[in-house]
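Reviewing the structure listed below.
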Amino acid sequence: VKTEDQKLHLDLERCLAPALEDLPTPRLVVYRRRVEENIRRMRSYLEAVAPGSGLGHLRPHAKTHKCRWATELLAASGVSKHKCTPNELDMLLEAGARDVFVAYPLLLPQARRLAERVARFPEARIAAQVGGEEHARMLARAAREQGVEIDCYLDLDVGSGRTGMPPASAPELARAIRDAGLFEGLRLRGLHAYDGHNHSPDPGERAACAREAMAALVAGLRALERAGIPVERLIVAGSPGFEPCLEELVVRHGVEAEVDVSPGTWIFWDSGYERLMPAKFEMAALLLARVMDRPRGDLSTLDMGYKRWAIDQGPLELFSRRGLTVAKTSEEHTVIRHEPDDRPALGAPILAAPRHVCPTVNLWESFTLVGRDGAIEWPAVPIEARNR
Ligand SMILES: Cc1ncc(COP(=O)(O)O)c(C=O)c1O
């Protein structure tokens, strides 16, 4: 673990490009080369499971990057499908995305908002999640009010216990949607199953969790097939389970439906997932701060508190300088502990890896982009879907 920690800290130290020296702090910094490397790695992981498929199985979740810049970079890499919450839908559409699945249970006001976008972007495929009969009814009502048809995916709870229905209830709702009536305005496209509980640091345990979750999904799929209800597509998984889930569906079960995997964090990565899955992707979004006070020999204070880094998974744990731990945190300050004889200078820049990158990105209005040559690419990149 010590050697690993050492490597990680060196990795961040290398990111302290001279171009960052004079920047006002704090700020969020994104490294173009690293994001591109993550896209390259994603392609090779997916190819290893499904040779020849390129990025064809990928439907990345926009909740992590929340910005047009990443959406366009993904498009330039050949990614045309996206997943989001209602918060990123407009950003994606404005960035040119035309195949978007909104993976969130919609009540009537949000269903109406989605239906309005379906009407406004007739050339786009905007699909919604349906977690049960009541959701289906609200979505159908919104569709009829707008005079549109809305593609939908039944959300199955395959173990995470957060949203969705038991796979066994899928056929009944699918049949009701097919038979229209109350649900006129909906078009069933497929099934969504997110294994959000798949969080073991052990790859074998992650694979076992994915196997169980996908077996539950396939049970639902087969029941629909037996009922004569076509299922075009399955949308599954996040960053910990995308490979075993894909493997289960396309290799082991040989499903005929299209399979999309929907990781989000992979594009920027963070220290939380790095602990679970060392070196799987590169940490591409870092926080730049400076030592702005030195209250005691063993304590220094950074000019950035948890208004700028998400604290939900605990304090920052990885810095560009060796031997730092967080002693205390508040809104605008992060106090770091170090050896008294290894005191950073006042004004010293320090990079920190976000522990949970998705809510961290949400705390910034823009990020500073470091180009491949280490120079800053101005202007700052707006995070259009932030603050939501
Ligand atoms: C429904 C859904 N799909 C996909 C993802 C992406 O997962 P990850 O952050 O592990 O990449 C999330 C993350 O919260 C999610 O809620």
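The values are calculated or read from the model by the stated rules, or taken from the named source; none is laboratory data. These numbers come from a predicted model, not from an experiment. Cβ coordinates were reconstructed from backbone atoms using ideal geometry, including for glycine residues, and neighbour counts include every protein chain displayed. With ligands, DNA and RNA removed, areas are computed over all heavy atoms of the protein, side chains included. Shrake-Rupley method; radii C 1.70, N 1.55, O 1.52, S 1.80 Å.
Listed residues Asp293, Asp373, Asp303, Asp341; which is of a type in the set (Asp, Glu) and touching a Pro at 6+ places or on another chain (Cβ under 7 Å)?
On the way: Asp293 fails: touching a Pro at 6+ places or on another chain (Cβ under 7 Å); Asp373 fails: touching a Pro at 6+ places or on another chain (Cβ under 7 Å); Asp341 fails: touching a Pro at 6+ places or on another chain (Cβ under 7 Å).
Sole residue among the options that is of a type in the set (Asp, Glu) and touching a Pro at 6+ places or on another chain (Cβ under 7 Å): Asp303.
Find the residue count for the range 249-276, including only residues that are aliphatic (A, V, I, L, M), outside any helix (DSSP H, G or I), out of contact with any Cys (no Cβ under 7 Å at 6 or more places or on another chain) and open to solvent by less than 10 Å² (accessible area, probe 1.4 Å).
Count: 1.
For the range 226-237, state whether one or more residues are touching a Pro at 6+ places or on another chain (Cβ under 9 Å) and either within 13 Å of the ligand (Cβ to nearest atom) or assigned to a strand (DSSP E or B) (or both). First the steps, then the outcome.
Quick first cut of the range 226-237, residues touching a Pro at 6+ places or on another chain (Cβ under 9 Å) only: 226-227, 229, 237.
From what's left, either within 13 Å of the ligand (Cβ to nearest atom) or assigned to a strand (DSSP E or B) (or both): 237.
Yes, the range 226-237 contains a residue that is touching a Pro at 6+ places or on another chain (Cβ under 9 Å) and either within 13 Å of the ligand (Cβ to nearest atom) or assigned to a strand (DSSP E or B) (or both).
Starting from residues that are closer than 18 Å to Thr265 by Cα, open to solvent by less than 40 Å² (accessible area, probe 1.4 Å) and of a type in the set (Ser, Thr, Tyr), keep the ones in the range 25-67 and report whichever is nearest to the ligand (Cβ to nearest atom).
Taking the candidates together, the pick is Thr64.
Give all pairs with beta carbons closer than 8 Å in which a residue from the range 238-267 that is at positive phi meets a residue that is among the acidic types (Asp, Glu); count only pairs at least 6 apart in sequence or on separate chains.
none
So which of Arg144, Arg162 is within 16 Å of the ligand (Cβ to nearest atom), touching a Gly at 6+ places or on another chain (Cβ under 9 Å) and open to solvent by 30 Å² or more (accessible area, probe 1.4 Å)?
Details: Arg144 fails: within 16 Å of the ligand (Cβ to nearest atom).
Residue meeting the stated conditions: Arg162.
Would you check if Glu94 is among the acidic types (Asp, Glu), open to solvent by less than 30 Å² (accessible area, probe 1.4 Å) and at pLDDT 95 or above? Let's see the steps before the verdict.
Values: among the acidic types (Asp, Glu): yes; open to solvent by less than 30 Å² (accessible area, probe 1.4 Å): no; at pLDDT 95 or above: yes.
For Glu94, the condition - among the acidic types (Asp, Glu), open to solvent by less than 30 Å² (accessible area, probe 1.4 Å) and at pLDDT 95 or above - is not met.
Given the criteria among the hydroxyl-bearing types (Ser, Thr, Tyr) and within 21 Å of the chain's Cα centre (by Cα), does Thr329 qualify? Give the steps one after another, and end with the answer.
On the way: among the hydroxyl-bearing types (Ser, Thr, Tyr): yes; within 21 Å of the chain's Cα centre (by Cα): no.
Considered against the rule, which asks whether it is among the hydroxyl-bearing types (Ser, Thr, Tyr) and within 21 Å of the chain's Cα centre (by Cα), Thr329 comes out as no.
Name the residues in the range 277-301 that are assigned to a strand (DSSP E or B), of a type in the set (Gly, Ala, Ser) and touching a Lys or Arg at 6+ places or on another chain (Cβ under 7 Å), would you? Step through it out loud before you land on a result.
Of the range 277-301, the ones assigned to a strand (DSSP E or B) are 285-296, 299-301.
So of that shortlist, the ones also of a type in the set (Gly, Ala, Ser) come out as 285, 289, 300.
Correct list: Ser300 only.
Can you name the number of the only condition in (1) in a helix (DSSP H, G or I); (2) under 25 Å from Arg34 (Cβ atoms) that Ala223 fails?
Checking Ala223 against (1) in a helix (DSSP H, G or I); (2) under 25 Å from Arg34 (Cβ atoms), the one that fails is (2).
Checking Lys7 against (1) loosely packed, with under 14 Cβ neighbours inside 10 Å; (2) at pLDDT 95 or above, only one condition comes out false. Which one?
Lys7 satisfies every listed condition except (2).
So that you can scan it fast, the table gives a plain yes or no per residue for (1) open to solvent by 20 Å² or more (accessible area, probe 1.4 Å); (2) within 25 Å of Leu154 (Cα to Cα):
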position	(1), (2)
Leu191	no, yes
Asp202	yes, no
Arg211	yes, yes
Leu217	no, yes
Ile229	no, yes
Glu232	yes, yes
Pro240	no, yes
Ala279	yes, no
Met283	no, no
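Please enumerate the residues belonging to the range 41-64 that are within 17 Å of the chain's Cα centre (by Cα) and farther than 23 Å from Ala193 by Cβ.
Passing the criteria: Arg41, Arg43.
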